[in-house]
1. Report, by residue number, each residue of segment 1-20 that is surrounded by fewer than 10 Cβ atoms within 10 Å (Cβ to Cβ) and at pLDDT 80 or above.
2. Among the candidates K66, K23, K75, single out the residue that is in a helix (DSSP H, G or I), surrounded by 10 or more Cβ atoms within 10 Å (Cβ to Cβ) and modelled with pLDDT under 80.
Amino acid sequence: MTKSKFITDKLAKLFEQGLISYKDLNNEILNILKSKKDEIILKLELPTKEEFDVLKKRVENLEKKKSSTINKRSKKLKR
């Protein structure tokens, strides 16, 4: 009985260490991937959400102005 208990204790310790090392390895891989993602984003010089929203509003305003000037010109041409 003591031999089986000794073996099960050893197996439990090995299993526990394996899970801990697996979690550590998993966390390390995730950290590496996150840092690579951040590097790529910095290289691409992507705008922030706020900058993108401002640019989007500018484009919408320009499109409105363009459509209004086209409408004015078309009315003048019809007369």
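The values are calculated or read from the model by the stated rules, or taken from the named source; none is laboratory data. Nothing here was measured: the structure is a model prediction, and the numbers come from that model. Glycine gets a Cβ as well: all are built from the backbone with ideal geometry, and neighbour counts include every protein chain shown.
1. K5
2. On the way: K66 fails: modelled with pLDDT under 80; K75 fails: surrounded by 10 or more Cβ atoms within 10 Å (Cβ to Cβ).
Of K66, K23, K75, the one residue that is in a helix (DSSP H, G or I), surrounded by 10 or more Cβ atoms within 10 Å (Cβ to Cβ) and modelled with pLDDT under 80 is K23.
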